[in-house]
Each structure stands twice: as structure tokens, then as C-alpha cells.
Amino acid sequence: MPAPPTATPVDPSESMKHGRVAEDGTVLVVLADGTEREVGSYPEATAEDALAYFARKYDELAASADLLTQRLAHADVSAHDARQSLAHLKEQIGEAHVVGDLAALEATVAALDQTVKARSQAEAEQRAAAKAQAAARREELVAEAEGLAATDPAKVQWKQASARVRELLEEWKNHQRSGPRLDKDVENGLWKRFSHARTSFDKMRKSWFAQLDEQHGEAKAVKEKLVREAEQLATSKDWGPTAGAFKRLMQDWKRAGRASRTEDDALWARFKAAQDSFFDAKDAVVAAEEAEYAQNLVVKEGLLAEAEALTVDEEHLESVKSELRRIQDRWEAAGKVPRADIRRVEGRLRTVEQKVRDVEERQWQRSDPELTARAQSMADQLERAVQGLESDLAAARAAGDDRAAADLESELAAKRMWLDSARGNLS
């Protein structure tokens, strides 16, 4: 915006040019249209002094106008202060008894008036923008608070969420203290929503923790019962069933949920102490048994060496069976071996036993009349089939049918192999 014209004279003599002194001593100011207006008199003073006196009064008003112009050229003066200063200047000018370029002064005041109006308009726009921004931020605060209040309680991080609600309230208060004032209906509507969201959040939090306390109480009661059972089992020497009972108690413990952290930790310490006491005693017994079982393993390794050295065939079958029975009796008397070795050593003995059973099975199959009859019948059928194929092959060769002869030769070879096998079974 261009700077308004100024009316500052260089010295009083410039302003004096706009006035004159009449013969009777009256001081007149010459207006822009050439007419004159009486401004006063200065008794007992020369005409020049009288004009200088009224010119200085004009210069003071012009200086005030210039000062306001300079202030408005910078942003540090508000429209409100500028309006007050301009109003005061206009009041001083009024029908001021001064001598000077009144038209220039009036032009300066008019320009100041436009500048102040423009400053007022700009500030009004800034206030409106700031108010809109403040309202938008308040809306964001409300929306966030409503979002927290509407969250599934099971998914809320309560410590962080509660702190965030307090932060939102503090920011709201800061806006009220130092931010732009919103329209009353907008302010009240937003606050009503914000307050309702905070209240809903607080109710949800109290309800959640009341429910959590109830769950903690129920879990505590269940776990106290489990601890008492565990402590009763801690001294049991019935290792197998008691170990199973502790496994069940552990499953029940996991299903029971959590008590409050302090109580849950204390109950777990008691439960674990009882469990450790039992299993430590059990492990000590097992360790002693394992030491004993290690000696039994040495004995059974020797028995395995004897069993695996037996010659298992039909010729020695009866003596092998007798010797194996003696080894089996000594095996049972030797007792248990370490758990890690059970499958290995038992498997080796079962292998020897299976060899004996296989020899028995083959011997029995050969001596079974029904099986022999079936084998003889199969051999007879194969012999007849071979004879038929031999005749067919001779006929094909005589007829010069090489292709048929090749097929018959292949089939005849297979049948002869089967016949040899059947005869072997009969023998």
C-alpha cells in the first residue's frame, strides 16, 4: 500500500505562507478555494510573530499526522491503537485555529483513515483465520478423545491412553487461556463433546479395572488351591502318578489366568518351589536307578553277544532254541537298563528271536501236507504248460512264424523258471 501524503513543513515560514494578518491584527488562514477563515489574534505581537505562532500549532498537528503515518508503516501497531490515535488527531484538527496547508493535512488524515481501515480488515481476516484454525484444532482434540473413548477396552494401553487424555485436556485449557476465542455456540458444542468423551473414557477405565480386579481375584483363588495341592504332592514318593498330577496342575495353572502381578509372582514362587522339590527328589532317585541300570546294561550286552553268536539253521534249531531260552531267562533276571538303551538292546535280542522263528516257519511249511499238495499241484500245472508251449513253439518254427516263435520262447522261459522254483519247494 503506498504511503499516505504528509503535511510536514520544512520550517514555520512554509506554513506561514497559508495565512495573513489583517489590519486589525486578526490572523486569517487561506483555504484551498481561496477563501479565508479567521483563526485568532496574537495581541501585542508583530504580524510575523502572530503568523509564526499559529503556523507552529499547524506544524504540531502535521507532525502528529506524520508520526502516525510512520507507525502504520510498521506492523507493531495494532488497528485498535491506530484508530484511537487517528480519532484523537481528528479531534485536535476539528476547527483548529492554525495557519498552514489545511488541504494537505486533510489529505494526510484521509489517507491515514484508509490505511487504518485496511489494517483493521487485515487483522479481522487474521483473527478469522486464527479462529478457524483454533476451531479445527479443538475438533481434532475432540475427535481423538472420542476415539479413545470408543476403543475396545481389551485393546487399550491404559497407562498411555490415560496420559494422552490428560494431555488433551491440558492443551484444551491452553487454547482457552491464550488461543483465539471461538464463537460461544461453537465453544460450548465442542466442550460438551470433549467432556462427554472424557467421562466415557473414565467410566470405561473404571469398569475395565473393576472387571480386571474381579478376574484377578478369581485367578488368585484358583491358583491358591493349585498351590496347596502342589505343596501336598511335594513330598510324594509315588513318582509316576505324582508327575502326571503335576502336569495336570501346570495345565490348570495356565488356564487360570493372572492374578495381580505381585500376588501372581508370589503364588508362582510357591508353586514352583513345590514342583521343584518333588522333581529334584525324583531326579535323585532316577539318577541312583540309572547307575544301577548301567550295571544291568553290561550284563545284557554280554548276553546279546552270546545270542548273536548262535548258529541259527535247521540243523541246529533245537539246540539253538534251548540255548536262547536260557539266555532269555538270564536276560529277565538281569533287570532294567537305562531308558536311552532299552530300544537298542531289546531290538538286538528280538532280531535273534526272529531268526529262530523264521527257520521254524520254513521247516514247518515244508512239512505241512496241505502246503505240499498245493505245491505239487502247481508243479504239475506248470509242467503241462511247459509241454504245451514247447509244442506250440515247434509248430511256429515249422511254419516260419518268427514273431510268434519269439513270443513263445519268452513265455516258455518264464514258465520253466517258475517250474524250477516249484520243484525246489517240493524238495
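Would you be able to tell me the number of residues in the range 244-259 that are small (Gly, Ala, Ser), out of contact with any Ser or Thr (no Cβ under 9 Å at 6 or more places or on another chain) and part of a helix (DSSP H, G or I)? Don't jump to the end; show me each part of the working.
Taking the range 244-259 first, the residues small (Gly, Ala, Ser) are 244-245, 256-257, 259.
If we keep only those that are out of contact with any Ser or Thr (no Cβ under 9 Å at 6 or more places or on another chain) too, we end up with 244, 256-257, 259.
Adding the requirement that they be part of a helix (DSSP H, G or I) leaves 244.
Count: 1.
For the residues GLU353, GLU290, GLU361, the requirement of being assigned to a helix (DSSP H, G or I), modelled with pLDDT of 85 or more and not aliphatic (A, V, I, L, M) singles out GLU353. When you check GLU214 against the structure, is it modelled with pLDDT of 90 or more, acidic (Asp, Glu) and loosely packed, with under 13 Cβ neighbours inside 10 Å, yes or no? No; evaluated as a whole, the condition is false for this residue. Taking residues in the range 128-144 that are β-branched (Val, Ile, Thr), and partners anywhere that are open to solvent by less than 60 Å² (accessible area, probe 1.4 Å), the pairs with Cβ atoms closer than 8 Å and at least 6 places apart or on different chains are VAL142/LEU190; VAL142/PHE194; VAL142/ALA197. Counting the residues of the range 320-347 that are open to solvent by 70 Å² or more (accessible area, probe 1.4 Å) and assigned to a helix (DSSP H, G or I) gives 11.
A residue that is within 29 Å of ALA243 (Cβ to Cβ), part of a helix (DSSP H, G or I) and either modelled with pLDDT of 85 or more or not hydroxyl-bearing (Ser, Thr, Tyr) (or both) occurs nowhere in the range 301-310.
Residue by residue through the range 218-243, note down the ones that are open to solvent by less than 40 Å² (accessible area, probe 1.4 Å) and in a helix (DSSP H, G or I).
If the condition is that a residue be open to solvent by less than 40 Å² (accessible area, probe 1.4 Å) and in a helix (DSSP H, G or I), then ALA219, LYS223, LEU226, VAL227, ALA230, THR242, ALA243 are the ones that fit.
Checking each residue in the range 177-199 for being open to solvent by less than 40 Å² (accessible area, probe 1.4 Å) and assigned to a helix (DSSP H, G or I) picks out GLU187, GLY189, LEU190, PHE194, SER195, ALA197.
Against the criterion of being modelled with pLDDT under 90, closer than 30 Å to HIS80 by Cβ and part of a helix (DSSP H, G or I), ALA154 does not qualify.
Taking each residue of the range 365-392 that is among the small types (Gly, Ala, Ser) and part of a helix (DSSP H, G or I) and looking for partners that are at pLDDT below 75 and open to solvent by 80 Å² or more (accessible area, probe 1.4 Å) with beta-carbon atoms closer than 8 Å, six or more apart or interchain, yields ALA375/ASN425; ALA379/ARG423. Only residues that are within 21 Å of GLU14 (Cα to Cα), charged (D, E, K, R) and surrounded by 14 or more Cβ atoms within 10 Å (Cβ to Cβ) were counted in the range 61-100, giving 1.
The values are calculated or read from the model by the stated rules, or taken from the named source; none is laboratory data. Model, not experiment: these values are computed from the prediction. Cβ sites come from the backbone with ideal geometry, for glycine too, and all protein chains shown count toward neighbours. Side chains included, ligands, DNA and RNA excluded: accessible areas come from the protein's heavy atoms. Shrake-Rupley method; radii C 1.70, N 1.55, O 1.52, S 1.80 Å.
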